[in-house]
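Structure first, commentary second.
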Amino acid sequence: MARTLGSWWIKDGIDGRRIEAQGFASLLDSLAGFDWTQDHGDGGVLEKDFVETANYTEKVDTVDAVMMSSHGNPNGFSVSNGSVTTADTIRFGKGDLEVFATHACKLLEHTGANPVGRWCGAFDRLHYMCGFHNSSYSGGGQNARGTYFAMYAAYLKAVFPFMAAYPIREAWKMANVVVEGSNVEWAYLRATAPGADTYNEMLTTSEPVDPVTNRTFWTAHGSC
Amino acid sequence: MTIKISSIEMMARVPQLPKTLPVVALTIPSLEERRQSVLRLAEQMQLGTMKSAQLEHGLVMASERGDITVFHASGGVWARNAILSKGDTTELRQWAGVVDSKIDGQRMAFAPEVSRKLSDDVRELLAPLGLIGREALAPSVQLDQVAQLDAKGTVVSFGAGQATVRFEYALGEVPVRGAGAKTLAFAEPAGGRPAVGGVFHVWRTPAEAVDVKIDTVEAALAVGLLEDPELDRHAAAGHRITVTKLEFVYLALPAFMRQSHLFPAFQIEGEVSEGKLGMSFHFGRYHHAVSPKAYAAAGLHGQYLATNPDGLTPKVPRSTSR
């Protein structure tokens, strides 16, 4: 069965946001074993697709990997009908989701005032949350972020099997090095567990084992 | 409608603008010009025998030990040794000479003498290969900040990860910002001393320059920031817009984009308050500081002088809801 992909984006007058999210799903969709099944823009980006809602299947959890382009602050990201915050009941991965990547500014800030552990509660069986420690940019060629994330995470290895593959954490870093200035800091938070080590996890056509029991988390951030 | 400058809360120092500024045409090295330095870099990074393939964005040379991409649009180079850190099982790295700087969010740092030595080593590696531009500033070194958290999200340990040696660029007094003006070397501790496991270099060479008239700060901000569609919408709905960073810079576009000129821009960061349209959020933006009309008056025409870059256009997916 194919790994499925989703793109969620709110343009707010800047079409690059759509390009950024769709670029990720679009490039991977061109590979055998990946299927772009969810695409939601502007008014179609709904809180109930991220926050646990009674008698409803959150759409974000019907896919394996998501690229989302909307606003952020350390405690939440925006959707068309409000926001999704650490105060909400978020259970990413309770269905299928393994990778949630977003352009939202400062979502993964890790400081004394805002330790990134605030997001651990959003991990049900999620493996990776990819984002930023500080503000990401628009207007200087950042539209290709999703495309380059897809390229380093899976596309290059699929097209050129003789290449070494990049783990998800490395692919996120590399994509952001390509599109952002060096003042911006990529960041991620990952869950890991015995028998489900995510350190070198790659985005492949096979379902990985989920980190569930005896779980710990790792976070890193660094210069683009 | 445009945003009124008086409605922006300015927490950043407003830069003083020059009366004129050179807008600089850019040249890029051809693949042939890059070939020797790239092959030498591959040898120094021990990448072994590589196969090559042409992609839309660049020439990719790869082996199972790593790869090098030369970007068509800029001559930029991305090189990576894929096996240097293969034995590591977490992000933490055991470095000699790491100190706790106590700086919030950037606690792990090298002692100054360790940074200096690593920077010198990187310069020694890259300068002979032509992979540091003449306009590079003094380098800085930053360590990835790593932490382990328990199941409840409490930090149980923290430390340093990979090191990045970073060369940024300036033309005269004006810093060059954006993804297209940097030379980075990524280092890992190997056998007790740092080894370079990755290099990213993009710097298009400045050529002839034409002076362009720069207007007042207010007029320069009106070219882009005050016309920003997203900030405009929020300002009109009563959200407070605070600018926390406002720098007058040259903007260098990413390695995969064709850029004819290095042009003046504002690098802006700020925050939009919570309000009628939703939650508070942070933003980072590049905006032009000179109007297309002023470029035309100076006889300058080129890609991205009159527009903001728009990136790639992906295909339409199978199922949508908009």
Within region B:231-269, considering residues that are in a helix (DSSP H, G or I) and buried (at least 20 other Cβ atoms within 10 Å of the Cβ), the one farthest from the other protein chains (Cβ to nearest Cβ) = B:Ala235
remark   = Here the residues within region B:277-303 that are part of a loop (DSSP other than H, G, I, E, B), touching a helix residue (DSSP H, G or I) at 6+ places or on another chain (Cβ under 9 Å) and under 30 Å from A:Gly76 (Cα atoms) are B:Leu277
task = Could you list all residues from region A:153-173 that are under 22 Å from A:Cys105 (Cα atoms), buried (at least 24 other Cβ atoms within 10 Å of the Cβ) and within 11 Å of chain B (Cβ to nearest Cβ)?
result = A:Lys173
note = If we ask which residues in region B:45-61 are surrounded by 15 or more Cβ atoms within 10 Å (Cβ to Cβ) and touching a residue at least 24 places away in the same chain (Cβ under 8 Å), their number turns out to be 5
query = Which residues, counting only those in region B:184-214, are assigned to a loop (DSSP other than H, G, I, E, B), touching a residue at least 40 places away in the same chain (Cβ under 8 Å) and more than 16 Å from the chain's Cα centre (by Cα)?
reply = B:Gly192, B:Ile214
key: Of residues in region A:174-224 being without any contact (Cβ under 8 Å) to a residue 60 or more places away in the chain and aromatic (Phe, Trp, Tyr), the one nearest to A:Glu98 (Cα to Cα)   = A:Tyr199
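Let's see how each residue does on (1) modelled with pLDDT under 95; (2) under 15 Å from A:Glu180 (Cα atoms):
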{"position": "B:Arg233", "(1), (2)": "yes, no"}
{"position": "B:Ile241", "(1), (2)": "no, no"}
{"position": "B:Thr244", "(1), (2)": "no, no"}
{"position": "B:Glu247", "(1), (2)": "no, no"}
{"position": "B:Pro254", "(1), (2)": "no, yes"}
inquiry  = So, B:Ser115, is that one surrounded by fewer than 20 Cβ atoms within 10 Å (Cβ to Cβ), hydroxyl-bearing (Ser, Thr, Tyr) and modelled with pLDDT under 95 or not?
reply    = no
task = Examine region B:100-114 for a residue that is among the charged types (D, E, K, R) and away from chain A (no Cβ under 12 Å), and state whether such a residue exists.
result = yes
request  = Tally the residues that are facing chain B (nearest Cβ under 10 Å), within 30 Å of B:Ala255 (Cα to Cα) and assigned to a strand (DSSP E or B), restricting the search to region A:90-144.
outcome  = 2
message = Going residue by residue through region B:111-120, is there one that turns out to be among the charged types (D, E, K, R) and in contact (Cβ under 8 Å) with a residue 12 or more places away in the chain?
response = yes
query = Does region A:160-173 hold any residues that are within 29 Å of B:Ala252 (Cα to Cα) and free of Cβ contacts under 8 Å to residues at least 24 places away in the same chain, and which are they?
reply = A:Glu170
message = Taking the conditions exactly as written (closer than 24 Å to A:Asn176 by Cβ, in contact with a helix residue (DSSP H, G or I) (Cβ under 7 Å, 6 or more places away or on another chain) and assigned by TED's automatic domain parsing to the domain that holds B:Ala127), does B:Val199 satisfy them or not?
response = yes
request  = Being in a strand (DSSP E or B), without any contact (Cβ under 8 Å) to a residue 60 or more places away in the chain and facing chain A (nearest Cβ under 7 Å) is the filter; apply it to region B:160-183 and report the residue that is farthest from B:Met108 (Cα to Cα).
outcome  = B:Lys182
ask   = Taking region A:35-52 as the region of interest, how many residues are crowded, with 24+ Cβ neighbours inside 10 Å and in a strand (DSSP E or B)?
value = 3
ask   = Can you tell me which residue in region A:53-81 is surrounded by the fewest Cβ atoms within 10 Å (Cβ to Cβ), limited to those that are without any contact (Cβ under 8 Å) to a residue 40 or more places away in the chain and assigned to a strand (DSSP E or B)?
value = A:Asn73
ask   = Of the conditions (1) at pLDDT 95 or above; (2) part of a loop (DSSP other than H, G, I, E, B); (3) surrounded by fewer than 22 Cβ atoms within 10 Å (Cβ to Cβ), A:Leu203 fails just one. Which one is it?
value = (3)
Residues being at the interface with chain A (Cβ under 7 Å from one of its Cβ atoms) and among the polar types (S, T, N, Q) - total across region B:140-157 = 4
request  = For region A:40-51, indicate whether the set of residues that are more than 10 Å from every other protein chain (Cβ to nearest Cβ), in contact with a Ser or Thr (Cβ under 7 Å, 6 or more places away or on another chain) and at pLDDT 95 or above is non-empty.
outcome  = yes
task = Report, by residue number, each residue of region A:1-26 that is more than 9 Å from chain B (Cβ to nearest Cβ), within 13 Å of A:Ser70 (Cβ to Cβ) and in a loop (DSSP other than H, G, I, E, B).
result = A:Ile10
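The values are calculated or read from the model by the stated rules, or taken from the named source; none is laboratory data. What you are looking at is a predicted structure, and each value in this text was computed from that prediction instead of being measured. Heads up, the Cβs are rebuilt from the backbone with ideal geometry, glycines too, and the neighbour counts pull from every protein chain shown.
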